[in-house]
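Right, one structure below, let's go through it.
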Amino acid sequence: MSYQVIARKYRPQVFDEVVGQRLITDTLKNAIQSNRVAHGYIFSGARGVGKTSTARILAKSLNCVEGPTVAPCGTCPSCLEIAAGNSVDVFEIDAASNRGIDEIRELRETVRYLPARDRYKVFIIDEVHMLTTEAFNALLKTLEEPPPRSLFLLATTEPHKLPATIQSRCQHFAFRLLEYAEIYSRLEQVCAAEKIRADEGSLSAVAQAAEGSLRDALSLLDQVIAACGAQLEEARVRQLLGVVPVRFLREMVEAVHAGDAQLVLERVGELAKEGYELAHFAGEFTRYIRSLMIAKSCGAESPLLQVPTDERRTLAELAGLFSEEDLTRFFQILLRTEGDLRYSLAPRFHLEMGLLKLVHAGKLASLELLLGELRGARPAEKPAGPPPRPALPGPTPRDSAKAQESGPPQSFAPARKAVSLSSPPMGTAEGALALPEDARLAAIKSMLYDQSKKFLSSCLEHLSGWRFENGEVRFLCPKKESWVAEFLKSREQLETLRSVCAQVLGQPIKICVTLEEPEGQTAAARPQARDRASRDAGVEAFRKRFDCTVVDVKDLSQE
């Protein structure tokens, strides 16, 4: 007799053997017991979660000689034929290869006749979303007024592609992806039945690689048994599956904590040399950082951790090296890197840059810390972790030129205090603060970028200036950039800007977008700028120190 693969050999034969779909199987059993079986069902979900198996079990339950029953015998001719796929009254149709109107017309002719032997004539249509529009239309009338003793079971991985008219005529059951623990438990049962010795790490690697699909897990188990024999070892299994060793992930985390950029780049080189797929490694490392986040937030014994028992203590130790804020930042960087790798022509470069961002991420100040300094408030204490570096970089030459107008700041916070001697505090009328390089505008653009409003953030680069007075932020757009003004005036963008500006400036904000007349505005603003400069405490101190006068005031944003 030819070999039967594990996925087929251990396919569920009764409702109680279906793994991870208890709600669905209980509902179907209740329908059978109460004689409320509908004429049409849609079973949707990812591959390998039990859709077609459940459809077969339902067909056996209705047509078993001892039925209708929730526990088909599995030995009568009807049960045996359905399990083998050659029943005269149960038709399994692959819609991917029988998707045209001619096949559905043939089905309609078949459904007109009563079952040849069994109670029900059952049509199991797999991947039903592949049918053409004409085929769906031909099936519509049959589903609406089906002949007696007929049952349609439609299985699909993409239910959103089904016409609403089809969905409204059927009961819909959504099969979920299986959890790690459910797959792991089933793999243990199969290994015991097959007399295979497997350590916890081996089965864990297979369960994780299956990503919620039990059929995939059983197929992978079949593959590793063929390679390793009756004794499965974790290192060999991981190598066969193309999964990066856990030791490698551990070392990468330790290198990130130590800030060792050289070691990180060397490890990426080893990955490429050994033939690992870099995008797959990025996904593995992202999952590992997620495990660290769970260990940090929920503890090493949390059921959310999908790792072997002996790995939990190591995760707890590594998680203790970082704060929750650091791990969250790492997770965001890796998710973005993983997305970039999918379409990258140079995946190694993208991965290296992403990992270098992790190395330096702990040195960056958080947005909340910067906003706190902008408002003049004491920044919140950072959680335990790598000590923060200075929040703001040193002034550029352009910043230094502006500082000559408002006084020589020693640091960001003292400079703000000096200006406040002659200017109202933030939250009251402040006049024209608006320079594109102003720290407040930079904070607004940064927050927009973090909220995935990248295009809106880039549009603010085209502003000629902005003003904040009397609770109103006025964005000034040059006439040559009128498209920016039109975009910012849309309701959605105004709501977004209002929300972000309110967070940065610390009070409810009204947004106004106007086109600027460059020449007229400059002429009108010059007396105000001269007056502000002459009254500024820093300028006054400079003038007294060097016994000089203000000759002219230049607005660097207009140059």
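At a glance:
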| read-out | value |
| --- | --- |
| Inter-site label distance for Ala181 and Tyr343 at 7 Å from Cα along Cβ, in nm | 3.9 nm |
| Reach of Lys51 by Cα under 18 Å, taken over aspartates and glutamates that are not fewer than 8 positions away in the same chain | Asp16, Glu17, Asp26, Glu92, Asp94, Asp126, Glu127, Glu158, Glu179, Glu182, Glu211, Asp216 |
| Cross-link reach list, aspartates and glutamates versus Lys480, counting only Cα pairs under 17 Å and skipping chain neighbours closer than eight places | Glu461, Glu516, Glu517, Glu519, Glu559 |
| In nm, spacing of pseudo-spin labels at Arg36 and Phe546 (7 Å Cα→C-beta vector) | 8.8 nm |
| Hits among aspartates and glutamates - C-alpha to C-alpha of Lys510 under 18 Å, sequence gap 8 or more where chains match | Glu430, Glu469, Glu472, Glu486, Glu492, Glu495 |
| Listed pairs Lys60/Lys161; Lys9/Lys195; Lys273/Lys296 exceeding 23 Å between Cα atoms | Lys60/Lys161; Lys273/Lys296 |
| Mean Cβ neighbour count within 10 Å, used as a protection proxy, ranking 351-361, 308-318 highest first | 351-361, 308-318 |
| Region 289-310-region 143-192 distance, computed between alpha-carbon centres (Å) | 31 Å |
| Å³ per residue enclosed by the Cα convex hull of region 6-174 | 108 Å³ |
| Net length gained if the chain between Ser482 and Arg112 were fully extended (0.36 nm per residue, minus Cα distance) | 126.5 nm |
| Glu492-Asp102 pseudo-label distance in nm [points 7 Å out on the Cα-to-Cβ vector] | 4.6 nm |
| Extended-chain gain in nm, criterion 0.36 nm per residue less alpha-carbon gap, Val65 and Thr133 | 20.7 nm |
| Debye log10 I(q)/I(0) for region 130-243, one point scatterer per Cα, at q = 0.10, 0.11, 0.13, 0.22 Å⁻¹ | -0.49, -0.55, -0.64, -1.10 |
| Binned Cα-Cα distances of region 246-361, short to long, each 10 Å bin given as a whole percent | 14, 48, 31, 6, 0 |
| DSSP-assigned coil residues among trypsin sites (Lys or Arg not before Pro) in region 100-197, each with at most 14 further Cβ atoms within 10 Å | Arg112, Arg117, Arg176, Lys195 |
| Gain on full stretching of the segment that runs from Ser297 to Arg22 - 0.36 nm per residue minus C-alpha separation | 96.0 nm |
| Region 180-241: relative contact order as a whole-number percent, Cα under 8 Å and 6+ apart | 40 percent |
| Expected-Rg normalisation [2.2 N^0.38 Å, Cα atoms] applied to region 180-241 | 0.94 |
| FRET efficiency for Phe331 and Glu472, using Cβ-Cβ distance with R0 set to 45 Å, rounded to 0.05 | 0.75 |
| Ranking of Cys512, Cys64 by count of other Cβ atoms within 10 Å, fewest first | Cys512, Cys64 |
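No value in this document is a laboratory result; all are computed from the given coordinates. Predicted, not measured: the structure shown is a model, and the values here were computed from it. Counting neighbours? That spans all protein chains shown, and the Cβs are built from the backbone with ideal geometry, glycine included.
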